[in-house]
Each structure stands twice: as structure tokens, then as C-alpha cells.
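Report on the following structure.
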Amino acid sequence: MNNLKKTVPVKTRHSVTELKGRGKLIITKKVKHLIDQAHRLVGNKEWCGFIFYEKVSGSISDPDTYVAKTTGLYMMDVGTETYTATDNNPIDIVAMDARVPEFMTSRYGLVHTHHTMKTYFSSTDDQELHTNVGNYSYYLSLILNMRTEYVAKIVKLVTFPENIVSIYDEDDSTSGDIALTKVETMITFDLDVEIEGQEEDDDVMTLRYKELMDIKK
């Protein structure tokens, strides 16, 4: 009899500190058209990729002052009607580096589509933030659909060198202080999305879509 049990990977979860206020993410004409072009090429399937951006002003410590602007977009996967994911294959990253100048000069995060469905941070999207926040200094996540409904968040993993907490006894009458070290929390705040406009089709987007379809075959 085999008594071995299959090991299930433990999902990464951080404590969450949601900051008050809302920042702003500006979608430039160039990036808006890349998004629209991707929608036309892919149709009613989810796709994901890198969203490149730069900070314009403000600070994440004061979300109401924070303004960021997109600089580019690169598709990494075309999935199904309900799911998309990317393993960031090194070959694809090398190709992106050659095709997208913004890769070396901008910050980057994740963009993915809900195509004809409502845009919101699902439980899967929320888990993705917890899983990947530690890989970025500041992590932008943008979700959009074909109706031009966009939602976005900025997250950052913060580590406190020491945190003093009070621990009460069972009768709640006495307490003592203990020091917790290396306490982590994921700070997060929402971004209002402002769209500037759109431009003409981009050849790199069309090329990348054809490559992904060839891989699927």
C-alpha cells in the first residue's frame, strides 16, 4: 500500500495594508491603441503581458499625489476564455528586449484582459499580487476589457525591522510587550485610469500575436 501523499504547494499570502486615497494611471495614445489592437486580434480570449510605465509625480506613501503614465505594452500569452498566464520564458524576454525600447527604461508590471467580462480583481488576480509582489520594487497590475473598463492597483512589499506588540494574558488583565522582527506587509492602493486617446496599429503587436498562435499550434 502506498502511503505517500501528494505535496500541495502553499500559496504565498502577505498581510495587507490598504492605503487611503487613490492614485492615477494615464494610458497614453500609443498604449491605448496597442490594447485595442490586441483585443481585435485575440477576440474573446484572455491575454496577458507586460505593461511598462513611469512615475510622473507624487509618492506611494501618499496615494492621492501619485501619478504614473504607461510607456509600452508587450503581449506574453494568449489563453482561453477564462484563463491566461505567462512563465516569462527567457527566449521571449530576449525578443521583447530587442523589440520594445521601453523595457530597459521603464518600470513594468502585469496587464491582462477579461475580454467581454467585468473588470475586477478576482481571487485569482488577488493571489497573483501576493505571489509576485516580492519580485518587483513597485508592482503595477492593470485589468481591462473590450468595453474600455479598466481597474488598476499598485502594490509593494514592505518589511519592518522590528515591531513592538502587546500580548494580553487569558484574563485580559495583564500584558507584556514582545518584539517581532522582519514583519512584512503588502501595501496597496487603487489607481483611477485616465485615457489620452489612440494611434495606428503597431507592427510588433501583430508579429507577437502571430508568434503566440504558432506556438499554440
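The values are calculated or read from the model by the stated rules, or taken from the named source; none is laboratory data. Source: prediction; values computed, not measured. Cβ: placed from backbone, ideal geometry, glycine included. Neighbour counts: every protein chain shown. Side chains included, ligands, DNA and RNA excluded: accessible areas come from the protein's heavy atoms. Shrake-Rupley method; radii C 1.70, N 1.55, O 1.52, S 1.80 Å.
Which value, in Å², gives the accessible area per residue of segment 78-144 when a 1.4 Å probe is used on the protein heavy atoms?
For segment 78-144, the per-residue accessible area is 51 Å².
How long are the semi-axes of the equivalent ellipsoid of segment 20-63, defined as square roots of 5 times the Cα gyration tensor eigenvalues? Whole Å, largest first.
Whole-Å semi-axes of the equivalent ellipsoid: 28, 12, 9.
Restricting to DSSP loop positions (anything but H, G, I, E, B) with no more than 11 other Cβ atoms inside 10 Å of their own Cβ, which GluC sites (Glu not before Pro) remain in segment 137-217?
Those that pass, being in a loop and sparsely packed, are Glu170, Glu200.
Could you tell me what percent of the accessible area of the chain is made up of carbon and sulfur, with a 1.4 Å probe and every protein chain present?
Carbon-and-sulfur percentage of accessible area, whole number: 51.
Per the Debye formula with a single identical scatterer at each Cα and no solvent contribution, what log10 I(q)/I(0) holds for segment 106-153 at q = 0.18, 0.19, 0.22 Å⁻¹?
At q = 0.18, 0.19, 0.22 Å⁻¹ the computed log10 ratios are -0.54, -0.59, -0.75.
Cross-link list Lys118/Lys156; Lys153/Lys216; Lys30/Lys118: which exceed 29 angstrom alpha carbon to alpha carbon?
Table pairs above 29 Å Cα-Cα are Lys153/Lys216.
Can you tell me what share of the DSSP beta bridges in the chain is antiparallel? A percent to the nearest 5 is fine.
Just about 70 percent of them are antiparallel.
Quick check on the chain: what does the Kirkwood estimate of hydrodynamic radius come out to from the alpha carbon pairs, in Å?
19.3
Compute the distance from the alpha-carbon center of segment 25-43 to that of segment 56-121, in whole Å.
Spelled out, the Cα-based centre of one part sits 12 Å from the other.
Could you state the per residue volume, in Å³, of the convex hull enclosing the Cα atoms of segment 37-153?
In segment 37-153, the Cα hull volume divided by residue count equals 118 Å³.
Restricting things to Cα coordinates, could you compute the convex hull volume per residue of segment 8-92 in Å³?
Per-residue hull volume (Cα only) is 162 Å³.
Note down the relative contact order for the chain as a percent, whole number, built from C-alpha pairs under 8 angstrom at least six residues apart.
Relative CO of the chain lands at 28 percent.
So what does log10 I(q)/I(0) come out to for segment 105-217 at q = 0.13, 0.20 Å⁻¹, using the Debye formula with one equal point on every Cα and no solvent?
Log-scaled intensity ratios, in q order: -0.73, -1.19.
Given the alpha-carbon gyration tensor of segment 49-105, what are the semi-axes of its equivalent ellipsoid in whole angstrom, ordered largest first, with each equal to the square root of 5 times an eigenvalue?
One finds semi-axes of 27, 17, 9 Å for segment 49-105.
Quick check on the chain: helices-only [θ] at 222 nm, where DSSP H runs of length 4 and up contribute -39,500 (n - 2.57) each and the sum goes over total residues. Nearest 500, please.
One gets -7000 deg cm²/dmol as the mean residue ellipticity at 222 nm.
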